[in-house]
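This report refers to the structure that appears directly beneath it.
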Amino acid sequence: MEKETFQMGRAWIELSMDALRHNVAALRALLPPGCELMPAVKADAYGHGAALIAGELSQLGIRAFCVAAVSEGVALRRQGIQGAILILGYTHPEQFPLLAQYDLTQTVVDYDYAKVLNSYGRPVRVHIGVDTGMRRLGEPCGDISRICEMFRMENLRVEGIFSHLCADDTENADDRAFTLRQGEAFWKLVGELRRHGCVCPKAHILSSYGLLNYPELGGDYARAGIALYGVLSTRADGQRCKADLRPVLSLKTRITSVRELRRGGAGYGLAFRAARDSRIAALSIGYADGLPRALSCGAGSVLINGLKAPIAGRICMDQTLVDVTDIPDVRAGETATVIGTSGSESVSAYDLAEQTNTITNEVLSRLGARLEKTPVQSPPEFVVGPYGISARRAVKNQYSRK
Ligand SMILES: *Cc1c(COP(=O)(O)O)cnc(C)c1O
């Protein structure tokens with residue numbers, strides 16, 4: 001296949017499907033009775049590659065997915081993904097024909113939107129979004145008559161109703177009380193609707209943190225995203241997480257050139273200054289691939305031969321320099337690990353998130369479309385590249401130094 005010639009060429013994501021399967025089992029063990037996973041595969045499955053991830057999840061018996069945008073639903077269908085696909089966000093009326101054409105389920109983001117969707121004139125599957133406190137999308141849960149009206153709209157096939165928790169990630173007492181009130185308001189509404197004859201098959205309110213921290217809130221689906229990919233938003237959350245989660249993604253790149261730097265600077269603005277005789281390696285990954293530019297000038301490091309190589313100077317759009325002065329035997333053509341493990345060292349999505357003052361969700365979901373995605377046997381230790389098996393030598397080097 002022609003695609004293969006690009007695999008692992010310059011910068012790529014390795015997906016441990018073992019880790020994904022493990023996380024699915026770990027999260028399924030926490031599901032409340034009658035609840036199934038509805039994985040969030042929006043933003044290209046948080047940067048992992050939606051088609052590969054959804055394909056693997058389908059094999060594990062997952063029958064429902066959620067995405068943010070109609071284009072994401074269309075892309076999954078074109079890749080052959082079956083089952084329900086719920087669009088969590090707004091779809092513009094010009095794109096309504098795609099809903100039927102690709103059998104996608106649309107969220108009703110509020111009462112006015114329900115009328116617009118209904119006036120399209122053809123039947124659409126919908127889940128009604130309900131606002132229980134986040135104040136983002138969803139019809140406010142107080143006005144039951146307007147929600148009942150949606151059930152009676154001729155072209156809306158109401159198959160579900162859901163809400164989203166917005167303070168379910170802390171142990172703070174106020175947040176706990178708020179979250180429990182959200183749950184209460186949601187289930188009270190569902191009960192009242194039923195008494196008014198407005199019955200829909202599915203009701204759901206949990207996402208990753210909800211499932212971990214409030215499984216008692218129940219529902220027919222848990223819309224798990226970040227946890228499924230084996231991390232939580234912050235390291236502290238990950239450390240107190242009751243599920244044993246394993247990161248699915250590693251990010252690798254190629255060393256393209258190694259050069260000596262006796263004195264002076266390197267990179268844009270000559271922002272790297274050699275304080276000693278140095279060796280600098282160029283990597284074929286940059287901020288356009290989703291490597292945050294805020295990792296420049298030593299804020300972040302990559303792993304080469306099981307050792308940390310600090311980022312030297314400013315990250316470029318397509319390339320990055322690293323300081324390999326303290327790492328013996330660095331050669332062009334070999335691999336550097338940006339997220340993942342090399343020898344006994346590792347760099348995690350938590351590290352990148354902390355170094356750039358954000359959460360793992362942002363770091364992962366911004367990994368660019370230019371990165372190849374490839375499933376690997378875990379542990380993803382041995383990488384076959386155009387220059388041979390590179391990581392094998394890395395491991396050997398590591399032992400010879402000890
Ligand atoms: C993104 C999203 C999810 C998934 O959230 P995670 O915290 O990643 O599990 C679930 N529901 C809605 C409405 C979302 O927008």
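The values are calculated or read from the model by the stated rules, or taken from the named source; none is laboratory data. What you see is a predicted model; the values in this text were computed from it and never measured. Glycine also receives a Cβ, built like all others from the backbone with ideal geometry; neighbour counts cover every protein chain displayed. Ligands, DNA and RNA are stripped out before the accessible areas are found, and what is left, the full protein with its side chains, is counted by its heavy atoms. Shrake-Rupley method; radii C 1.70, N 1.55, O 1.52, S 1.80 Å.
Cβ-Cβ distance of Val199 and Asp244, R₀ of 35 Å, FRET efficiency by 1/(1 + (r/R0)^6): the value works out to about 0.40.
A straight line joining the Cα centroids of region 278-292 and region 39-86 runs 30 Å.
Mean separation of Cα pairs under 8 Å and 6+ residues apart, divided by the residue count of the chain: what relative contact order is that in percent?
Details: 868 pairs, mean separation 73.6, N = 402.
The value is 18 percent.
Please give the helix 17-28 orientation as an angle from the longest Cα principal axis of the chain, in degrees from 0 to 90, rounded to the nearest 10. Once rounded, one gets 40 degrees. Label sites at Arg370 and Glu159, each approximated as a point 7 angstrom past Cα along Cα to Cβ, lie 3.8 nm apart.
Placing a pseudo-label 7 Å from each Cα along the Cα-to-Cβ vector at Ser71 and Ala288 gives an inter-label distance of 1.8 nm.
Between Asp112 and Asp329, the simple label model (points 7 Å from Cα in the Cβ direction) yields a spacing of 6.6 nm.
Listed here are the pairs Lys42/Lys242; Lys188/Lys242; Lys308/Lys373; Lys115/Lys188; which of them are more than 27 Å apart at the Cα? Correct reply: Lys188/Lys242.
When the chain is treated as a Gaussian network with alpha carbon springs shorter than 10 Å, the biggest mean-square fluctuation among Ser163, Ser365, Ser145 belongs to Ser145.
Here is the P(r) of region 28-70: all C-alpha pair distances, binned every 10 Å from 0, give 28, 52, 20, 0 in whole percents.
Net charge dipole, region 138-177: roughly 300 debye, given to the nearest 20, about the Cα centre with Cβ charges of +1 for Lys and Arg and -1 for Asp and Glu. Just checking the listed ones, Arg176, Arg195, Arg246: in the Gaussian network model of the chain with Cα springs under 10 Å, the one fluctuating most is Arg195. Between Ala271, Gly238, Leu321, the Cα set farthest toward the positive side of the dipole of region 195-324 (charges on each charged residue's Cβ, about the Cα centre) is that of Ala271.
If r is the Cβ-Cβ distance from Asp318 to Arg276 and R0 is 41 Å, what FRET efficiency results, to the nearest 0.05? Taking R0 as 41 Å, the efficiency between Asp318 and Arg276 is 0.90. Annotation for region 297-323 versus region 337-372: alpha-carbon center distance of 13 Å.
Could you please report the charge total around Gly183, scoring K, R as +1 and D, E as -1 over all other residues with beta-carbon less than 10 angstrom from its beta-carbon?
Details: positive: Arg181, Lys188; negative: Asp168, Glu184, Glu216.
Local net charge: -1.
Give me the percent of accessible area attributable to carbon and sulfur for the chain, probe 1.4 angstrom. Here it works out to 50 percent.
To the nearest ten degrees, helix 173-195 and the longest principal axis of the Cα atoms of the chain are 40 degrees apart. If R0 equals 22 Å, the separation of the Cβ atoms of Thr234 and Ser58 corresponds to a calculated FRET efficiency of about 0.15. Summarising the amide proton neighbourhood of Cys66: residues at separation of 5 or more, or on other chains, whose placed amide H is nearer than 5 Å comprise Ala40, Val41, Leu86. Over the chain, accessible surface divided per residue gives 45 Å², non-protein components excluded, 1.4 Å probe.
Taking only the alpha carbons of region 136-208, we obtain Rg and Dmax values of 13.5, 44 Å in that order.
Using a simple charge model, +1 on the beta-carbon of Lys and Arg, -1 on the beta-carbon of Asp and Glu, nothing else, what dipole does region 288-382 show about its Cα centre, in debye to the nearest 20?
Values: 7 positive and 12 negative charges, 58 e Å.
Around 280 debye, computed over region 288-382.
Kindly provide the helix-only [θ] at 222 nm of the chain, computed as the sum of -39,500 (n - 2.57) over DSSP H runs of four or more divided by all residues, to the nearest 500 deg cm²/dmol?
Numbers: 13 runs with 119 residues, N = 402.
Value at 222 nm, helices only: -8500 deg cm²/dmol.
Note on the chain: GNM, Cα springs under 10 Å; of Gly138, Gly55, Gly80, the largest mean-square fluctuation is that of Gly80. Computed from Cα positions, the angle between helix 50-59 and the longest principal axis of the chain comes to roughly 70 degrees. Averaging 1/r across all pairs of distinct Cα atoms in the chain and inverting the result yields a Kirkwood radius of 22.9 Å.
Each of the GluC sites (Glu not before Pro) that DSSP puts in a loop and that has at most 12 other Cβ atoms within 10 Å breaks the chain; the longest unbroken stretch is 172-402. Dipole magnitude for region 243-289: computed about the Cα centre from +1 point charges on Lys and Arg Cβ and -1 point charges on Asp and Glu Cβ, it is near 260 debye.
Subtracting the Cα-Cα distance of Arg136 and Ala100 from 0.36 nm times their residue separation leaves 10.4 nm of extension gain.
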